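All remarks here apply to the structure that follows.
The values are calculated or read from the model by the stated rules, or taken from the named source; none is laboratory data. Just so it is clear, the structure is predicted and the values come from calculations on it, not from any experiment. All Cβ positions, even for glycine, are placed from backbone atoms using ideal geometry, and neighbour counts span all protein chains on display. Calculation scope for accessible area: heavy atoms of the full protein, side chains included, ligands and nucleic acids excluded. Shrake-Rupley method; radii C 1.70, N 1.55, O 1.52, S 1.80 Å.
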Amino acid sequence: MINANTLTAPVEHKILVVDDDESICELLKTFLSDHYDVTTAISGTEAMKLIDENDFDLIVTDLILPDMLPSGTGIDILAHAKARDEFVEVLMITGHGSVDTAAEAINGGVGSYMLKPFSMQEMRARVEKMIASRMFHLKSLQ
């Protein structure tokens, strides 16, 4: 488990992309891999395992993940990631957003919330801002 006493700034920023649509995973991996080490997961179950085994700087997760029971949402990914590393950044993406789900994600600590379809330029800007925010928090602990 990561805590304030064991955190060090990563040499290469690691991103986990979670979406049950493989094409979204591949699109984001292709787009972000030029600057980041990107891992993908096409299920919430796979994502949970990867989160337990790796230290990610940012997790980009779909809101709707049918295999995540009982909620069926990426909110479980958010909670699991934050429990393991309070400084991990989480960007929630969805094509089925509502005020209630956005509020739940924000209350859970999501750093950003984007509706599909999204522009890749906006995605890049948010990712860069969130990675910078994580690095700021990690440096302030040293």
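Write out the trypsin sites (Lys or Arg not before Pro) in region 79-132 meeting two conditions: DSSP loop, and at most 11 other Cβ atoms within 10 Å of their Cβ.
In loop regions of region 79-132 (DSSP not H, G, I, E or B), there are no sparsely surrounded trypsin sites (Lys or Arg not before Pro).
In whole Å, how far is the Cα centre of region 81-135 from that of region 17-51?
14 Å
Val90's amide H: which non-local residues (gap 5+, or another chain) put their own amide H closer than 5 Å, with H modeled 1.01 Å from N in plane and none for Pro or chain starts?
Amide H neighbours of Val90: Ile59, Gly111, Ser112.
Which cross-chain or sequence-distant (5 or more) residues have an amide H under 5 Å from the amide H of Ser43, H modelled 1.01 Å from N in plane?
Asp19
If you count the DSSP beta bridges with both ends in the chain, what percent of them are antiparallel, to the nearest 5?
Antiparallel: roughly 5 percent of the beta bridges in the chain.
Among Thr30, Thr73, Thr45, whose mean-square fluctuation peaks in a Gaussian network model of the chain (Cα, cutoff 10 Å)?
Of Thr30, Thr73, Thr45, the most mobile in the Gaussian network model is Thr30.
Given N residues in the chain, what is Rg(Cα) / (2.2 N^0.38 Å)?
Taking the Cα Rg and dividing by 2.2 N^0.38 Å, one obtains 0.96.
Sequence neighbours fewer than 8 away in the same chain don't count; with that in mind, list the lysines whose C-alpha is under 24 Å from Lys116.
Straight-distance partners of Lys116: Lys14, Lys29, Lys82, Lys129.
In degrees, nearest 10, range 0 to 90: what is the angle between the Cα axis of helix 44-53 and the longest Cα principal axis of the chain?
10 degrees
Provide the per-residue ³J(HN,Hα) series for region 16-29, in order, calculated from phi with Karplus coefficients 6.51, -1.76, 1.60 and θ = phi - 60°, each as a whole number of Hz, with x at glycine and proline positions.
After applying 6.51 cos²θ - 1.76 cosθ + 1.60, I find 10, 10, 10, 7, 6, 9, 4, 5, 5, 4, 5, 4, 5, 4 Hz.
Near the amide H of Leu65, under 5 Å away, which other amide H atoms are found, from residues 5 or more places off or on another chain, if H is placed in the peptide plane?
Amide H to amide H, under 5 Å and 5 or more residues apart or across chains, Leu65 pairs with Thr73, Gly74.
Using the heavy atoms of the protein chains alone and a 1.4 angstrom probe, what is the accessible area of the chain per residue in square angstrom?
51 Å²
By how many nm would the segment from Asp52 to Ala132 grow when fully extended, if each residue of separation counts as 0.36 nm and the alpha-carbon distance is taken off?
The span from Asp52 to Ala132 would gain 26.5 nm if fully extended.
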